[in-house]
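I have placed the structure first, in the form of C-alpha cells, so that the comments after it can refer back to it.
The values are calculated or read from the model by the stated rules, or taken from the named source; none is laboratory data. On a predicted model such as this, the values are computed, not experimentally measured, just so you know. As a convention, Cβ positions derive from the backbone with ideal geometry for all residues, glycine included, and neighbour counts pool all protein chains shown. Heads up: the accessible areas ignore ligands, DNA and RNA and are worked out on the full protein's heavy atoms, side chains in. Shrake-Rupley method; radii C 1.70, N 1.55, O 1.52, S 1.80 Å.
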Amino acid sequence: MSTLTEAPPPLSPAAPEKKPARGRGRWTPYWLLLPGILWLVVFFAAPMIYQASTSVQTGSLEEGYKVTWHFATYWDAVSEYWPQFLRSVAYAASATVLCLLLGYPLAYLIAFRAGRWRNLIMILVIAPFFTSFLIRTLAWKTILADGGPVVGALNTLHVLDVTSWLGWTAGDRVLATPLAVVCGLTYNFLPFMILPLYTSLERIDGRLHEAAGDLYAKPSTVFRKVTFPLSMPGVVSGTLLTFIPATGDYVNASLLGSADTGMIGNVIQSQFLRVLDYPTAAALSFVLMAAILAMVTVYIRKSGTEDLV
C-alpha cells in the first residue's frame, strides 16, 4: 500500500538585500573632522599665511608695511643672527642629551621596577606641570645663585674649573652662563622625555626578557639587543618633544643667561616686541621652522622610524 507524501511548500522569494543608507551617513566622518579642521585653519594656517606675508613686506611702523616681495629679508636675517641659530641648536641638543641620560633610567625604573610606587613616581614626574613655567625657571635663579650650595659643591669638586675652560661657566659662578641655560632647559623639558619613554618601555612584553635570560644573555646584552631597540619609538618621540620646543625657547636664556647666551627665540621676541621690526621677526621664525623641520626629518629617517612622521 503506497503512502501519499505532501508536496513541499513553495519557496518564498528571497528578501532583497538592504543597501546601505546614503545621505547623512556618508558625510558623518567629514562632520566629525570639521571642528579639528576649523581649529587648524584658524589657529595654524591663517597665522602662518599672515606671517609669510609679513616676512616679505617693507616699510616702517609709522608709514605702514606693504607687501613688496622683499625676499632679501631672509638672507639679511640669517647673515646677521646666525650665531644665535647655532647657539640655540647647541643648547637644545645638549639639553636633549641630558634629558635622555636622566630620563631613560627613570622611565625604565617606573616601567619595570617601581611596583606599587609607580603611580607616586609618575605623579612626581608630572607635578612640575602644576607650576607655571616662568616660576619654575625663576626658581633656578635661587638654586644656582652665587655663593649657594650648588655653586659651593661644584667649586669643591673643581667642576667649575673644567666647565670654565670649556666656556660653559664664568669663573666661580653659574648664573648668566651657558651651563645655567642648559640646566634650565633640561629641567623644564625633562617630563617631555620621560613620559614617551615610559609609554614605550611599558609596552615591551616581559616574556622577551625571560626568553633572553633563558638563552644565557647577560643583562647588558638584554638591554642592548632587546630593551633599547624596542624602546626606540619612545626615544625618538621624547627627543623630538624636547629638542623642538627647546630650540625656540627664550625664557631660560632670558632669565638664566646673559647677553652672550641669547638664543634665536630671544632675537625673535625682541624683534617683535621691542625693535618692532616685524618682517625680520617673521623671516627669522620661518627660517627657524624650516631648519627644525629639516633636522627632524633627517633624524627620523636616520633612526629608522619614518612611521612617526
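What the table below lists for this structure:
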read-out: Pair list, Cβ under 7 Å, 6 or more apart: the range 138-156 residue touching a residue at least 60 places away in the same chain (Cβ under 8 Å), other residue open to solvent by 60 Å² or more (accessible area, probe 1.4 Å) and part of a helix (DSSP H, G or I); value: TRP140/TYR187
read-out: Which listed residue, of SER254, SER220, SER237, is under 25 Å from ALA170 (Cα atoms) and either in a helix (DSSP H, G or I) or small (Gly, Ala, Ser) (or both); value: SER254
read-out: Candidate set: the range 242-251, residues that are crowded, with 18+ Cβ neighbours inside 10 Å and part of a helix (DSSP H, G or I); chosen: the one farthest from the chain's Cα centre (by Cα); value: VAL251
read-out: Unique match (being within 24 Å of the chain's Cα centre (by Cα) and surrounded by 13 or more Cβ atoms within 10 Å (Cβ to Cβ)) among VAL151, VAL159, VAL182; value: VAL182
read-out: Unmet criterion (only one of (1) modelled with pLDDT under 90; (2) over 20 Å from ARG87 (Cα atoms)) for PRO191; value: (1)
read-out: Qualifying residue in the range 265-273 (condition: over 29 Å from LEU144 (Cα atoms), open to solvent by 40 Å² or more (accessible area, probe 1.4 Å), over 18 Å from the mean Cα position of the chain (by Cα) and in contact (Cβ under 8 Å) with a residue 40 or more places away in the chain); value: no
read-out: Considering residues of the range 128-145 that are within 25 Å of ASP172 (Cβ to Cβ) and surrounded by 12 or more Cβ atoms within 10 Å (Cβ to Cβ) only, the residue nearest to the chain's Cα centre (by Cα); value: THR137
read-out: Residue within the range 49-58 that is open to solvent by 40 Å² or more (accessible area, probe 1.4 Å), touching a Lys or Arg at 6+ places or on another chain (Cβ under 7 Å) and either of a type in the set (Ser, Thr, Tyr) or within 30 Å of LEU201 (Cβ to Cβ) (or both) present; value: yes
read-out: Residue tally, condition surrounded by 14 or more Cβ atoms within 10 Å (Cβ to Cβ) and under 25 Å from VAL174 (Cα atoms), over the range 98-127; value: 5
read-out: Selected residue [hydrophobic (A, V, I, L, M, F, W, C), more than 22 Å from ALA90 (Cβ to Cβ) and at pLDDT 80 or above] from LEU138, LEU144, LEU175; value: LEU138
read-out: Cβ-Cβ under 9 Å pairs, at least 6 apart or on other chains, the range 216-245 side basic (Lys, Arg), far side surrounded by 14 or more Cβ atoms within 10 Å (Cβ to Cβ) and outside any loop (DSSP other than H, G, I, E, B); value: LYS225/ALA212
